[in-house]
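The values are calculated or read from the model by the stated rules, or taken from the named source; none is laboratory data. All of these numbers come straight from a predicted model, not from anything done at the bench. Ideal geometry is used to build each Cβ from the backbone, glycine not excepted, and the neighbour counts take in all protein chains shown. In case anyone asks, the SASA skips ligands and DNA or RNA and just uses the protein heavy atoms, side chains included. Shrake-Rupley method; radii C 1.70, N 1.55, O 1.52, S 1.80 Å.
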Amino acid sequence: ASAAMAFAARAAAAARPIGEVLFRKTYVERRSWLHPIKSFWRIHSFFQLAAHAMVACSARSTSHDHDRQLLLDARLAQWLLHLLPAHAAYAFLGEALEVYILWGVFRARAADTAACAFRVAAKAAVLAALVYCYALLDWEGVRVRAGAPIAAWAVDLWQTHPAGAVLFAAYAVPAVLSLLTPFVPCLSTWLRTRRRGPVAAVFACWVPEARQFVGTDMHEAPEATFNYALFWLCLVYFKLWFSYKLQIGPLVSPTRDLWHRLPDLGVPATLGMIAAKWVPIVLTYHLDVQIWYVLLSALYGTIIGWSLKIGEVRDMATVRRKFVSAADAFNASMLSDEARARLGAPAEPAQLARAGAAPGQGSLLAPSAAKAGSAPDPVGARANGPAPAAT
């Protein structure tokens, strides 16, 4: 009887106009430190896949005059092929986090429970198939030796493992197309606004969080989308280039040396030293994207401000003037009286006011910028407080 009453209540609510339906939340997420990781799982998985690729490229690089040169051969291509099973593994882990955090909604709604079970089973099956096919690859053949061409390796892979090649291609093509959808707003809008049909059913089952997006039937113009995408592409490029050159790349060779000394050092000591080297770098690698975002957004905002002639600093001449006044304030605040007298730096604003001199005279870093009789320096006045009245 209670089930029938609940079904009748839901049917009555569905029959009412959308403005009269009272939406309410009937579940509670689990409170856990995994919640922020689940919320930003796509970003973490992307950077982790990029780290996989950088490790493989660094391992296939040769050092010559302190410059690393990448070897584009068949062995590197086969190493990079592991990105497909790694991508499937991160997708499965993301789905597991989704189930753990949102277990309340899956337990309360039968349709969501069935869709979740299907997604978990499908991703687990795809992961097992990709790992199995990758484990069958030949690592000792002529086609995968160092320096072998990539084209010959691809032909040999198609001839020796046709099922694996088809599976790799079938998994890689949709993944690459999903990366291109943000650059084509109309295609993304068309996929997210389907209400009926097989496309809507597959999309709702495979990407259930898309139903919670607001404004899915609205998109920006291609020009605005291109500018936005260009900003993030530049940010990701600089971040990955910095990480490859200064974070991940320099650790590959010491890690390989430690692994070769495994019989002498023992398993616990070797793994402990490898973890001590990699854990801080991995944590920094995942967090420094915020620093790059701050730097690039400040640079981009400065360029936009210069082009629109807005803000306090509107051109390069203003930047130079601010740096000159900053130098005077630094000298007045940091140097002692004896050092200022010996080096000819400007005195403190209080002493200059009592002596009747203008701040900036005899500047240590920018002497030519000071002029006799100029107005008191506002930067120095702010740094040292208001000057007392001249007697």
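Only a single criterion out of (1) of a type outside the set (Val, Ile, Thr); (2) touching a helix residue (DSSP H, G or I) at 6+ places or on another chain (Cβ under 8 Å); (3) at pLDDT below 85 is not satisfied by Gln69, namely (2). Note on region 108-129: among residues that are open to solvent by 50 Å² or more (accessible area, probe 1.4 Å) and in contact (Cβ under 8 Å) with a residue 60 or more places away in the chain, the one that is nearest to Ala172 (Cα to Cα) is Phe118.
Of the set (1) farther than 22 Å from Val236 by Cβ; (2) modelled with pLDDT of 85 or more; (3) aliphatic (A, V, I, L, M), all apply to Ile43 but (1). Determine whether Ala339 is of a type outside the set (Val, Ile, Thr), free of Cβ contacts under 8 Å to residues at least 24 places away in the same chain and open to solvent by less than 70 Å² (accessible area, probe 1.4 Å). Yes; evaluated as a whole, the condition is true for this residue. From the list Arg31, Arg10, Arg24, the one residue that fits, being assigned to a helix (DSSP H, G or I) and either open to solvent by 70 Å² or more (accessible area, probe 1.4 Å) or at pLDDT 90 or above (or both), is Arg10.
Has region 156-163 got at least one residue that is under 14 Å from Leu81 (Cβ atoms) and small (Gly, Ala, Ser)? No, region 156-163 has no match at all. Given the conditions (1) in a helix (DSSP H, G or I); (2) more than 25 Å from the chain's Cα centre (by Cα); (3) farther than 30 Å from Glu220 by Cβ, and given that Leu137 satisfies all but one, which numbered condition is not satisfied? With (1) in a helix (DSSP H, G or I); (2) more than 25 Å from the chain's Cα centre (by Cα); (3) farther than 30 Å from Glu220 by Cβ applied to Leu137, the lone miss is (1). Here region 172-213 is the region considered, the condition is being open to solvent by 70 Å² or more (accessible area, probe 1.4 Å), modelled with pLDDT under 70 and part of a loop (DSSP other than H, G, I, E, B), and the residue that is nearest to Ser45 (Cα to Cα) is Phe213. For region 316-336, the set of residues classified as outside any helix (DSSP H, G or I) and open to solvent by 60 Å² or more (accessible area, probe 1.4 Å) is empty. All of Thr216, Thr225, Thr302 fail the test of being out of contact with any Pro (no Cβ under 6 Å at 6 or more places or on another chain), modelled with pLDDT under 90 and outside any loop (DSSP other than H, G, I, E, B), apart from Thr302.
Among the numbered conditions (1) surrounded by 11 or more Cβ atoms within 10 Å (Cβ to Cβ); (2) free of Cβ contacts under 8 Å to residues at least 60 places away in the same chain, the only one that Pro268 does not meet is (1).
The set of residues in region 248-258 that are open to solvent by less than 20 Å² (accessible area, probe 1.4 Å) and out of contact with any strand residue (DSSP E or B) (no Cβ under 9 Å at 6 or more places or on another chain) contains only Ile248.
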